[in-house]
1. What number of residues in the range 265-296 are closer than 19 Å to residue 179 by Cα, surrounded by fewer than 19 Cβ atoms within 10 Å (Cβ to Cβ) and not hydrophobic (A, V, I, L, M, F, W, C)?
2. Determine, yes or no, whether residue 167 is within 16 Å of the ligand (Cβ to nearest atom), surrounded by 16 or more Cβ atoms within 10 Å (Cβ to Cβ) and touching a residue at least 24 places away in the same chain (Cβ under 8 Å).
3. Assuming residue 146 fulfils every condition listed in (1) outside any loop (DSSP other than H, G, I, E, B); (2) among the hydrophobic types (A, V, I, L, M, F, W, C); (3) surrounded by 16 or more Cβ atoms within 10 Å (Cβ to Cβ) apart from one, which condition is it?
4. Determine whether the range 112-129 contains at least one residue that is more than 16 Å from the ligand (Cβ to nearest atom) and under 25 Å from the mean Cα position of the chain (by Cα).
5. Only residues in the range 211-226 that are basic (Lys, Arg) count as the first member; pair them with residues that are not in a strand (DSSP E or B), Cβ under 8 angstrom, at least 6 apart or cross-chain, and list the lot.
6. Go through the range 25-127 and tell me which helices (runs of 4 or more DSSP H), entirely inside it, have 2 or more residues that are buried (at least 19 other Cβ atoms within 10 Å of the Cβ).
7. Of these, 159, 180, 142, which one is of a type outside the set (S, T, N, Q) and more than 29 Å from residue 209 (Cβ to Cβ)?
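What follows draws every value from the coordinates through simple rules; no lab data is involved. From a predicted model like this one, the values you see are computed outputs, not experimental measurements. Neighbour counts run over all protein chains shown; Cβ positions are idealised from the backbone, glycine included.
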Amino acid sequence: MEDQNQCKTSDQQLQNLNLPKVLLHGPPGFSSVLQPPYSEKFHLLNHSSLPLHQFAATHPHHCATVAAVLCDGGYPLTVDMLSLLPSLRLVVTASAGTDHVDLDECRRRGIQVAGAGNLFSEDVADLAVALLIDVVMKISAADRSLRKRHVDSRAITYASKVTGKRVGIVGLGRIGLEVAHRLEALNCKVSYNSRKQKPFVPYPFYSNVVDLATNTNVLVLCCALNDQTRHIINREVMVALGKGGVIVNVGRGALIHEKELLKCLMEGEIEGAGLDVFENEPLVDEHFFSLDNVVLSPHAGFSTLESYVAICQLLGRNLEAFFSDNPLITPVI
Ligand SMILES: O=CC(=O)O
């Protein structure tokens, strides 16, 4: 554990005593998400060099008094972890998804949670459409082929038209809607599946993902991961999508039964996949690496420079709002 401010003067350390303690729960370097003026308003603690339970064992006083956690999307906050922080009142996550945070436990303990809101929706939608176009038009496969000096583009099999494709969006929240708007410009025929039919959208609704797959060429997964959506894309759905079918996933890896996806890709049950997320992140199943009909992206849907600058501000503003007794800017609960 390092105290974020340990190299400052002891005067500043004394000053820290009056500042709310915020525990940073993310990768090395995560502390840079809070910049002045926000970084000066909190006593930042960074445990990235130690697992949280070891930090708790070696720094019980800090753990007992941490008031807020600032966490990164890939960093779980389980019941056990939350129990190490008895004074915790706020979790701010730098992600739109909240499947890594035990929200039920936060509710039970009255801990408020803020997230990224819709900040990343446009970037994620851009990436979804980029992956769709790449897989369908075989851009990355052609690039690989050219680099091997196979200059005849037909050395790879024929690409397919994006224009006019029937695209089924799974999860028509803000990201799904952004994807739909982009696809309309490409003359794609959009339909969707979600928990409930949305009265305000013009797209056909399918209450069942198998029916959606049967009636489309491409599935784009934009929904949240929860008990209802885990492995929502199983073999039955992939077979229903059919041999020319493509799956794009910008939601969470575990929306797809990944082993079945690999089998379907290898056996030609579906045509291809564009994946920004994986079931065992940060690990990626290496079987994907040898498949030419897959385009891979390292969970990068939210990593534009513009959005990074914006999320840094938003995290600080949520912390500031909470500790000034104002409503959270982007509340989850
Ligand atoms: O995956 C990224 C996010 O949830 O913001």
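1. Within the range 265-296, residues that are closer than 19 Å to residue 179 by Cα, surrounded by fewer than 19 Cβ atoms within 10 Å (Cβ to Cβ) and not hydrophobic (A, V, I, L, M, F, W, C) number 0.
2. No: the conditions fail for residue 167.
3. (3)
4. So far as the range 112-129 goes, yes, one or more of its residues are more than 16 Å from the ligand (Cβ to nearest atom) and under 25 Å from the mean Cα position of the chain (by Cα).
5. Between residues of the range 211-226 that are basic (Lys, Arg) and residues that are not in a strand (DSSP E or B), there is no close pair.
6. Filter on the range 25-127 gives 52-58, 79-83.
7. Selected residue: 142, the only one of 159, 180, 142 that is of a type outside the set (S, T, N, Q) and more than 29 Å from residue 209 (Cβ to Cβ).
To keep it simple, each residue is scored yes or no on (1) small (Gly, Ala, Ser); (2) more than 16 Å from residue 135 (Cβ to Cβ); (3) out of contact with any Leu (no Cβ under 8 Å at 6 or more places or on another chain).
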position: 241; (1), (2), (3): no, no, no
position: 244; (1), (2), (3): yes, no, yes
position: 248; (1), (2), (3): no, no, no
position: 254; (1), (2), (3): yes, yes, no
position: 265; (1), (2), (3): no, no, no
position: 273; (1), (2), (3): yes, no, no
position: 280; (1), (2), (3): no, yes, yes
